[in-house]
1. Among rounded, prolate and oblate, which fits the stretch 144-257 when a ≥ b ≥ c are the square roots of the eigenvalues of its C-alpha gyration tensor, a/c under 1.5 means rounded, and a/b larger than b/c means prolate?
2. For Asp48 paired with Ala192, estimate the spin-label separation in nm (one decimal), with each label point 7 Å from Cα along the Cα-to-Cβ line.
3. What percent of all Cα-Cα pairs in the chain falls in each 10 Å bin, counting up from 0?
4. Report, in deg cm²/dmol and to the nearest 500, the calculated mean residue ellipticity at 222 nm for the chain, where each DSSP H run with n ≥ 4 adds -39500 (n - 2.57) and the sum is divided by the residue count.
5. Between Ser40 and Lys361, what is the label-point separation in nm under the 7 Å Cα-to-beta-carbon projection?
6. Can you sort Arg350, Arg250 by how many other beta carbons sit within 10 Å, fewest first?
7. What's the ranking of 135-142, 216-223 by average number of surrounding C-beta atoms within 10 Å, highest first?
8. Lys46: which lysines have alpha carbons under 22 Å from its alpha carbon, excluding same-chain residues fewer than 8 sequence positions away?
Amino acid sequence: MNAPTENAELVRQHLIDPEICIRCNTCEEMCPVDAITHDSRNYVIKFDVCNWCNACIGPCPTGAIDNSRNVGKNKVYSLEEQYSWDSLPAQEALSGTLTATTAALPETVVSITATAQAGQGGPALAPWSAAHPYVNLYTPANPVTATVTGNYRLTADNASSDIHHIVLDFGSVPFPVLEGQSLGIIPPGADANGKPHLLRMYSIASPREGERAGHNNIALTVKRVVEDHEGKPAKGIASNYVCDLKKGDRVQVTGPYGSTYLMPNHPGSSLMMICTGTGSAPMRAMTERRRRRMEQKEGGELVLFFGARSPEELPYFGPLTKLSKDFIDVNFAFSRVADQPKKYVQDLIRDQADKVFKMLKDDNCYIYICGLKGMETGVLEAFRDICRQHGEDWDKLQPQLLSKARFHVETY
Ligand SMILES: Cc1cc2nc3c(=O)[nH]c(=O)nc-3n(C[C@H](O)[C@H](O)[C@H](O)COP(=O)(O)OP(=O)(O)OC[C@H]3O[C@@H](n4cnc5c(N)ncnc54)[C@H](O)[C@@H]3O)c2cc1C
């Protein structure tokens, strides 16, 4: 079937490799949504039912189920095609926009995610050593209720931005997450047309084992939106709801979401993290993961470029300044400090041109950008300049980074 697809909307299709599959039926038994079926020849996956929750991945004894292909949205492999295979078809060379990893994700999440990742320049893959994420376990029609166990203001009282650290507890209900994933919050109430509010996505700021290790809880970093992108007064529905939550309040949560913006797990892997404001949430999760495992001495460098208007406006400023330089190289940029020249994250990146170039060229280094939309323009220009200084062409390097799953952007 699939003729080469150009400039099309792409989707990621979950597939089983018939060459490796031992037809043990484990995946079909494990699948919570009955997306897997079989005939006398092959086990196959229904594209329109699979929600990539990945419940089948771990139990599969051979890894046959751990396969996917990016395909044109209108050219997904049918069940009949999958039944006929002796081996998986090769990944076609495609150009286009990957809009979803699954047909079953809510449209809101698909379109929000596509916009959030537009700055990365194409479909991304997860780092090869990333753990397998669970996604879309809870949908807008079937959300999970979490209880607020903490809500602390992170920015100084005199700062103009009001950013909160929120802790949500899921009790005995599973909500497995990996660093870099996000979740959805459904604000209560309805819009002016009487329609229930749509979910808003928030990055998870805690590591996989919980905000408090061993607890079934997660943290978020949420900024109260009080003006729109043009600076006009506007009271953000979800962010104000979340920032005003009290201990004991119950919140409707969907997700988890995200199957590519994940951290590598292999020893020696380095992270270059570039963020502004609440873009620090996934960076905190990844840094905490590494900090809690410091004794394992897994090596690999951690470098953080973090921008805000002033130290007072910087979430996690205090804890970040206490981390040792051997563990993480933290670089702050402040754009509005009296009597100091304005500094942005791209200036910090340029200041460290040699180190940044070395990391861009290091196959063990993974790059993460997160924050307000528009920040990536300056960062990419800095990368371009640094590459030029070192005789490299960023426009050629960036697709290589993408194809090696080393370049990840999430801006909103
Ligand atoms: C993948 C992903 C992860 C995200 N992670 C986080 C996170 O960790 N922390 C966080 O605080 N936000 C995060 N966001 C943004 C979040 O989903 C909401 O968009 C944001 O909180 C505003 O929602 P609201 O309901 O308060 O505003 P709305 O009621 O939706 O909008 C009110 C007005 O504010 C404008 N507006 C919307 N978002 C912003 C914004 N971020 N800044 C300024 N003006 C805005 C709108 O254009 C509108 O005019 C993330 C978004 C995505 C896509």
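Here, each number is a calculation from the coordinates, and none is a lab measurement. Remember, predicted model here, so these are calculated numbers, not experimental data. With ideal geometry, Cβ positions are generated from the backbone for all residues, glycine too; neighbour counts draw on all protein chains shown.
1. On the way: a/c = 1.91, a/b = 1.33, b/c = 1.43.
Oblate is the answer for the stretch 144-257, as a/c is 1.5 or above yet b/c matches or exceeds a/b.
2. About 3.6 nm, to one decimal.
3. Here the calculated profile for the chain is 4, 21, 31, 26, 13, 3, 0, 0.
4. My calculation for the chain gives -6000 deg cm²/dmol from helical runs alone.
5. 5.9 nm
6. Result, fewest neighbours first: Arg250, Arg350.
7. Numbers: 135-142: 16.9, 216-223: 22.6.
So the peptides 135-142, 216-223, ranked by packing, come out 216-223, 135-142.
8. Lys73, Lys75
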